[in-house]
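The values are calculated or read from the model by the stated rules, or taken from the named source; none is laboratory data. Here the structure is a predicted model, which is why all the values come from computation and not from measurement. All Cβ positions, glycine included, derive from the backbone under ideal geometry; neighbour counts span all protein chains shown. Ligands, DNA and RNA are excluded from the accessible area calculation, which covers all protein heavy atoms including side chains. Shrake-Rupley method; radii C 1.70, N 1.55, O 1.52, S 1.80 Å.
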Amino acid sequence: DSGVTQTPKHLITATGQRVTLRCSPRSGDLSVYWYQQSLDQGLQFLIQYYNGEERAKGNILERFSAQQFPDLHSELNLSSLELGDSALYFCASGGGASSYNEQFFGPGTRLTVL
Amino acid sequence: GNSVTQMEGPVTLSEEAFLTINCTYTATGYPSLFWYVQYPGEGLQLLLKATKADDKGSNKGFEATYRKETTSFHLEKGSVQVSDSAVYFCALSNPLSGSARQLTFGSGTQLTVLP
């Protein structure tokens, strides 16, 4: 168990809809990273938050957004969903005193867009 | 930019065979290098890491050495077990990114070990 929790585990929705994925980092970690894993794109970095502030952006679509709350949990919002957004979305945490430049991954949320 | 090139899979081995999964990288400066493993239906787990040239990371019988001269970080294990069947990802993070230490991943290598 990495100590990173993600909810929900599975999400099935229709095109055009909006969903929210939630992540709680390990105790003591200040950074949250979001990654997307799909068959055609592999594992891609989407966005990072550090202590409530956006720190880095990767290949994140404009239809996607994220935020990190004062209690350090994070939410990834996906809107106007398309079939191609079906993927596994991972959250990872790090940046704490015990992280040693490592990232700890949650179990992922599997999103299926029908 | 940063990139990781990983040996294409799938790889199928018999139990107790020797494993090598090749990984090479492109990055400016001195990145940290990682191997992650993903078991079926699970998230990624850090297998081992190395943060500077000539460092050897090791864990659970797996090893990888950070070779700056060849920009490589090949994963090896002397005797694989059925329980090693998983997808293995090579990754890097670049300290030149400052505190934004996002990981850049290779494409992953599916390993199947047969009894």
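Going by the conditions given, is A:Ser93 away from chain B (no Cβ under 12 Å) and open to solvent by less than 80 Å² (accessible area, probe 1.4 Å)? Let's see the steps before the verdict.
Values: away from chain B (no Cβ under 12 Å): no; open to solvent by less than 80 Å² (accessible area, probe 1.4 Å): yes.
So A:Ser93 does not fit the description; no.
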If you go through the stretch B:79-87 one residue at a time, do you hit one that is under 24 Å from A:Gln37 (Cβ atoms), charged (D, E, K, R) and either touching an Asp or Glu at 6+ places or on another chain (Cβ under 8 Å) or surrounded by 19 or more Cβ atoms within 10 Å (Cβ to Cβ) (or both)?
yes
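If only one of A:Asn77, A:Asn51 is within 13 Å of the chain's Cα centre (by Cα) and either farther than 16 Å from B:Leu103 by Cα or free of Cβ contacts under 8 Å to residues at least 40 places away in the same chain (or both), which one is it?
Values: A:Asn51 fails: within 13 Å of the chain's Cα centre (by Cα).
Going through A:Asn77, A:Asn51 in turn, just one is within 13 Å of the chain's Cα centre (by Cα) and either farther than 16 Å from B:Leu103 by Cα or free of Cβ contacts under 8 Å to residues at least 40 places away in the same chain (or both): A:Asn77.
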Which numbered condition A:Asn77 fails, given (1) farther than 25 Å from B:Tyr39 by Cβ; (2) at pLDDT below 95; (3) not β-branched (Val, Ile, Thr)
(2)
How many of the residues making up the stretch A:1-37 are under 27 Å from B:Gly106 (Cβ atoms), among the polar types (S, T, N, Q), open to solvent by 20 Å² or more (accessible area, probe 1.4 Å) and in a strand (DSSP E or B)?
3
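Give the stretch B:17-67 a look and list any residue that's small (Gly, Ala, Ser), within 12 Å of chain A (Cβ to nearest Cβ) and surrounded by fewer than 17 Cβ atoms within 10 Å (Cβ to Cβ), or say none. Working first, answer last.
The first filter runs over the stretch B:17-67 and keeps only residues small (Gly, Ala, Ser), leaving B:17, B:27, B:29, B:32, B:41, B:43, B:50, B:53, B:57-58, B:61, B:64.
If we keep only those that are within 12 Å of chain A (Cβ to nearest Cβ) too, we end up with B:32, B:41, B:43, B:50, B:57.
Within the stretch B:17-67, B:Gly41 is the sole residue that qualifies.
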Spans of strands (runs of 3 or more DSSP E) in the stretch B:31-112 with at least 1 residues over 14 Å from A:Glu102 (Cα atoms):
B:32-38, B:56-59, B:62-65, B:75-77, B:86-93
All positions within the stretch A:43-59 that are part of a loop (DSSP other than H, G, I, E, B) and not small (Gly, Ala, Ser):
A:Asn51, A:Asn59
Report, by residue number, each residue of the stretch A:40-60 that is more than 7 Å from chain B (Cβ to nearest Cβ) and among the charged types (D, E, K, R).
A:Asp40, A:Glu53, A:Glu54, A:Lys57
